[in-house]
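The values are calculated or read from the model by the stated rules, or taken from the named source; none is laboratory data. Just so we're clear, the structure is a prediction, and the values are computed from it rather than from any experiment. As a convention, Cβ positions derive from the backbone with ideal geometry for all residues, glycine included, and neighbour counts pool all protein chains shown. Accessible surface areas use protein heavy atoms only, side chains included; no ligands, DNA or RNA. Shrake-Rupley method; radii C 1.70, N 1.55, O 1.52, S 1.80 Å.
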Amino acid sequence: MQPNASGYFGDFGGRFVPEVLVAALAELEREIEIAFADRGFWEEYHATLRDFVGRPSPLYRTERYLAGISGVPLLLKREDVNHTGAHKINNTVGQALLARRMGKKRLIAETGAGQHGVATATVGAKFGFPVDVYMGAIDVQRQALNVFIMQLLGAQVHSVSGGTQTLKDATNEAFRVWSERVEDTFYVIGSVVGAHPYPYMVREFQKVIGVEARAQCLERYGRLPTDVVACVGGGSNAMGIFSGFVDDGDVALWGVEAGGAGVETGKTAASLGAGSVGVLHGSRSYLLQDGEGQVRETHSISAGLDYPGVGPEHAFLKESGRAKYVSVTDAQALDAFYAFARTEGIIPALESAHALAYARDLAARRGADDVILVCLSGRGDKDIAQLRDR
Amino acid sequence: MIANAFTAAGRDARAAFIPYLMAGDPDLETTASMLAALGNAGADLIELGIPYGDPLADGPTIAAAGQRALARGTRIADVLALVRRSREAGAPPVVLFTYVNPVLQFGVERFARESSEAGAAGVIIPDVAFEETAELREIFSQRGLEMPLLVAPSTPLERAVEIARVAAGFVYVVSRLGVTGASTAGRFDAVRSQVESLRTRTKKPLAVGFGVSTAQHVREIASFADGVIVGSTLIDAYAGREGQDATRAVSDLVERLAAATLAAKPSR
């Protein structure tokens, strides 16, 4: 679905930013319109994804994970085997190509766990942009390896000590820095969030997941899946895979949020499940907030899902009923993480483990005539130190 | 009417002086005493910040002041009570400065009604693009609240003219790219030429803010603009002080900066 002229998906989206950024957003919107209509742009994007990222990513049928639960085939879209280990690079390649077309001189990015920061540092190195990454002070400490990787790739990592010292505040800081350097700087946002046109643009760069998966599924199995399952923090891997199937009315779409300690406990990151409509980081969507509009602290075992907002198109899909949003607790995600590693020989990212945990529940209600497709959005190497230290 | 503050200053051949305070920092009582002191110190209009945890248009000074106010439990009702007290004490008109999400959650209608009942003159919301302001402006104006709008250095002239056309009270001309915060550089050449261009296209008062820290800055801006907005440097002035001590630090500085608005302004 295209957002309307004001950047809305139904009631969600828009442009809630200081005036200083409006001209840059308008410039980006114009550039996207031209670039997206330019076959040469997409040829370079896809060639880079093929040769640099390693696309198309495989579609893999699991063999043991669901044993004893269900005979339903479980297919994985293997974003974990991408260069840099997650779907994030699909988006940063696209935005770097746009930045180059627009003659921008440097890239900035926010990051939580560091995956988007690494993906941005990677394209910065490849395309020759200086990169500044903003990261909450707490995340800098708990994701020391990714900080080192970003630095190795030539990026400057700035520790953000304001507010909660996590992704939300890193994003605030990136917006502030962007407003200072808006003339020569491209802000590479890492998810389908932010002011229009970011949610739309990022989805278009992640759509490759869904387009490939749909074609692979048809080619291999001669049918579409019954269910598509993806984890949702900001929601870019989910928007990416959903957009391949959103027009296939029979395919159920499931977004799995981070329940944390449980949505009823308040220690959660389930914005759609436990939040309400408001404005955060430039767009109108669901967020976790109090009655006075202050953004609440979130909790999830998975840093990549530990975000109080969610992309506006997910809010729209929730309201329209086209996608269903559920949540999985920290404990359920961990259980799935270990079970999956031991039965499939793949260590999933903790984010993706949320989708795998829900797939197991769903499988109990499905049979051999159905097909479940999960977006395995990233690999779990980044989480190993955290789990070892628990 | 916000415009009266500019008219009165203009009669004295000076620019209006507009200090910004964060409600609830260092505490509500101190903010109340600051509000009461600012009129005598030379303020023509006061911007009163409603604390918000994720202020995209603010630099570290105001963001930290907001965090402190929130940590002390400052609520929107407390801020409105401050407005009421300051009006009863005869303080200059107050324009609330808030981000959009608190207004949405409080309820736009309710916010407009209660702000108006408290005696606020207007509301500034820096994180709503002008295209998104129509409904807010309508609801506010029904309650007699004016909504000044911001123009940035990156705003093209035709857009700035459009913004000025619907802005109520005054046009808030941002002096530089970036966020609020004291500056030592104080380069106002670009904003001067923007103000001069806009001047030929609007009759509304043009007030300049962001990065205004010294009497020299105020003097320079007062020579071409109708108002000067100063925030972060006032917060820096009372850092670490409390009560009357903090109030005195702010009112002394306001007095010194407000005196610098007596500039040889070209008559219009």
Restricting to segment A:274-308, what's the tally of residues that are more than 14 Å from A:Q332 (Cβ to Cβ) and away from every other protein chain (no Cβ under 14 Å)?
5
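Pick out, from segment B:165-268, the strands (runs of 3 or more DSSP E) lying fully within it that include 1 or more residues that are of a type in the set (F, W, Y) and either in contact (Cβ under 8 Å) with a residue 40 or more places away in the chain or open to solvent by 10 Å² or more (accessible area, probe 1.4 Å) (or both).
Details: elements: B:171-174, B:206-209, B:227-230.
Strands (runs of 3 or more DSSP E) meeting the threshold: B:171-174.
Determine, yes or no, whether B:I125 is within 12 Å of chain A (Cβ to nearest Cβ) and either surrounded by 17 or more Cβ atoms within 10 Å (Cβ to Cβ) or under 18 Å from A:E19 (Cβ atoms) (or both).
Numbers: within 12 Å of chain A (Cβ to nearest Cβ): yes; either surrounded by 17 or more Cβ atoms within 10 Å (Cβ to Cβ) or under 18 Å from A:E19 (Cβ atoms) (or both): yes.
Taking the combined requirement at face value, the residue satisfies it.
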Within segment A:253-270, is even one residue within 14 Å of chain B (Cβ to nearest Cβ), more than 23 Å from A:T122 (Cβ to Cβ) and of a type in the set (K, R)?
no
I need a count of the residues in segment B:138-152 that are closer than 18 Å to A:V17 by Cβ, more than 7 Å from every other protein chain (Cβ to nearest Cβ) and assigned to a loop (DSSP other than H, G, I, E, B).
2
Could you please let me know if A:M135 is buried (at least 21 other Cβ atoms within 10 Å of the Cβ), in contact with an Asp or Glu (Cβ under 9 Å, 6 or more places away or on another chain) and aliphatic (A, V, I, L, M)?
yes
A careful count of residues in segment A:260-293 that are open to solvent by 10 Å² or more (accessible area, probe 1.4 Å), in a strand (DSSP E or B) and of a type in the set (G, A, S) gives 1
Can you name the number of the only condition in (1) surrounded by fewer than 24 Cβ atoms within 10 Å (Cβ to Cβ); (2) closer than 22 Å to A:G14 by Cα that B:A152 fails?
(1)
Residue count, segment A:176-216 (criterion: at positive phi and open to solvent by 20 Å² or more (accessible area, probe 1.4 Å)):
0
Applying the selection to segment A:294-317, what residues are assigned to a loop (DSSP other than H, G, I, E, B) and not aromatic (F, W, Y)?
A:Q294, A:R296, A:E297, A:T298, A:H299, A:S300, A:I301, A:S302, A:D306, A:P308, A:V310, A:G311
Exactly one of these conditions fails for B:G107: (1) farther than 28 Å from B:T61 by Cβ; (2) touching a helix residue (DSSP H, G or I) at 6+ places or on another chain (Cβ under 8 Å); (3) within 14 Å of chain A (Cβ to nearest Cβ). Give me its number.
(2)
Any residue at all in segment A:17-27 that's in contact with a Phe, Trp or Tyr (Cβ under 9 Å, 6 or more places away or on another chain), over 27 Å from B:S175 (Cα atoms) and within 13 Å of chain B (Cβ to nearest Cβ)?
no
